[in-house]
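Enquirer: Have a look at the structure that comes next, please.
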Amino acid sequence: MLRRLLALPWIHTAYDVAIALFVVWTAWSYDTDEDFLIGCAMALAVVFRRRRPMTVMCVVSALALVQYLVASDLAVYDVALFVAMVSVVTHTRTMWHAYAAGAIVLLGAVVAFGGLLPDAAVTESLGDIITFGGVCAALWMTAMVLRTRRLYVATLEDRAATAEREREHLVQLAAAEERAEIARELHDVVAHSLAVMILQADGAGYVLRSDPDRAGTALKAIGDTGRDALADMHRIVRVLRGGRASGQGEAQDADADRRRVSLDDLETVAERARAAGLKVTLEIEGDRGGLSTADELTVLRVVQESLTNVLRHAGPGAEVTITLRFDEDVVVIGVLDDGAGKLAGSRPASDRGTGGNGLVGMRERVEVSGGSFTAGPRLGAGWQVDAKLPVSRQAGKPVRTTG
């Protein structure tokens, strides 16, 4: 509180005016008009000591020399010379000004106590010169400490401002990353669910009259897929709202919702694809326990998006083999389909996904985690997706091993 009060500009102005009034009062106590005029001139110069410290030092030194030549003695209002010296040391931008101000005051001490004439007995006043010089040196060192302290505080304030800007920048980056993550989640959920629902609806319409039971099964699959997709949408929206909420409980609820999507949903995703007409084989090797939530979500979304691409571009009847190998520090993902007999070159590579967004989304997910991702047509018919994802095992998570 005191530091903020002292930092106010009007406090500095009031302090300088008080010093100037003191100099005027001491000069007025002398009987001669010369002392009063010189003292008033010094007081006027002292008011501007923060803006032009070296100029004020030169003016006050010249006036002090004139006062000494007129009165041949020191005056009380010569204290303005010390004030000017302290101002130069404290506020100047160049160090040689500070050294010059100290030298001027020391020279003034020699002149005042030793005289201006060459034959003056300087040695007779050596004690006074040393005493006066010691006082000047003490004031100069005190001003240097104040200068160092002021520069140190200014450096801390600059670092604090820089840290605040960096923190705001990191917050903006985190918000952008979160928006990108939510966009990927929305794309994965909507694209996969709609692809399954569209194929099921087409199949139901085709067999509606010839096989009502199959049509009913397809309609039930559409309803289940739609409800699951709606639940996923609600979950993502809760995560988004949790990031903006001020309450800690809401943010924790949002994190809990995000953790609900895990590798346990792999079989559900494969079963939906089978219901849509794909022949899916899921092969899992190794220990898939202890993975972080983000790694589990990345693996699940890569598999889900790969199946969505097969549904879109190969259609029902395609055979898909999903291979997941969980090593100690890496997860290898392979999704291989036969294209339902269609030649791989019948469609350009950019058509896989929604205008290429599916492949872009998978590649971004894997590369953000430090992994590698490749996707392309096979020789003949079909498509192949390969990804390697470095993972970090977390202690305390259940171990699930599937052969």
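Enquirer: Check whether at least one residue in region 65-73 is surrounded by 15 or more Cβ atoms within 10 Å (Cβ to Cβ), of a type in the set (Ser, Thr, Tyr) and in a helix (DSSP H, G or I), and report yes or no.
Expert: Yes - at least one qualifying residue is present in region 65-73.
Enquirer: For region 12-26, which residues satisfy the criterion of being closer than 21 Å to Cys58 by Cβ and modelled with pLDDT under 80?
Expert: Asp16
Enquirer: So which residues in region 263-290 are touching a strand residue (DSSP E or B) at 6+ places or on another chain (Cβ under 6 Å) and outside any strand (DSSP E or B)?
Expert: Those that are touching a strand residue (DSSP E or B) at 6+ places or on another chain (Cβ under 6 Å) and outside any strand (DSSP E or B): Ala270, Ala273, Arg274, Leu278, Arg288, Gly290.
Enquirer: Take region 26-57 and flag every residue that is surrounded by 17 or more Cβ atoms within 10 Å (Cβ to Cβ) and either within 20 Å of Leu106 (Cβ to Cβ) or polar (S, T, N, Q) (or both).
Expert: Result: Thr26, Met42, Arg49, Pro53, Met54, Val56, Met57.
Enquirer: Then there is this: For Trp96, which of the numbered conditions (1) in the same structural domain as Val23 (by TED's automatic domain parsing); (2) modelled with pLDDT under 85; (3) within 49 Å of the chain's Cα centre (by Cα) fails to hold?
Expert: Of the numbered conditions (1) in the same structural domain as Val23 (by TED's automatic domain parsing); (2) modelled with pLDDT under 85; (3) within 49 Å of the chain's Cα centre (by Cα), the odd one out for Trp96 is (2).
Enquirer: Just give me the residues in region 374-388 being loosely packed, with under 15 Cβ neighbours inside 10 Å and not in a strand (DSSP E or B), in sequence order.
Expert: Arg378, Leu379, Gly380
Enquirer: At negative phi, modelled with pLDDT of 90 or more, in contact with a helix residue (DSSP H, G or I) (Cβ under 9 Å, 6 or more places away or on another chain) and not basic (Lys, Arg), is that true of Val332?
Expert: no
Enquirer: Mind listing whichever residues of region 293-338 are small (Gly, Ala, Ser) and assigned to a strand (DSSP E or B)?
Expert: The one that is small (Gly, Ala, Ser) and assigned to a strand (DSSP E or B): Gly334.
Enquirer: Limited to region 154-183, what total is found for residues that are among the β-branched types (Val, Ile, Thr) and modelled with pLDDT under 85?
Expert: Within region 154-183, residues that are among the β-branched types (Val, Ile, Thr) and modelled with pLDDT under 85 number 2.
The values are calculated or read from the model by the stated rules, or taken from the named source; none is laboratory data. Everything quoted here is computed from the prediction, not taken from an experiment. Glycine gets a Cβ as well: all are built from the backbone with ideal geometry, and neighbour counts include every protein chain shown.
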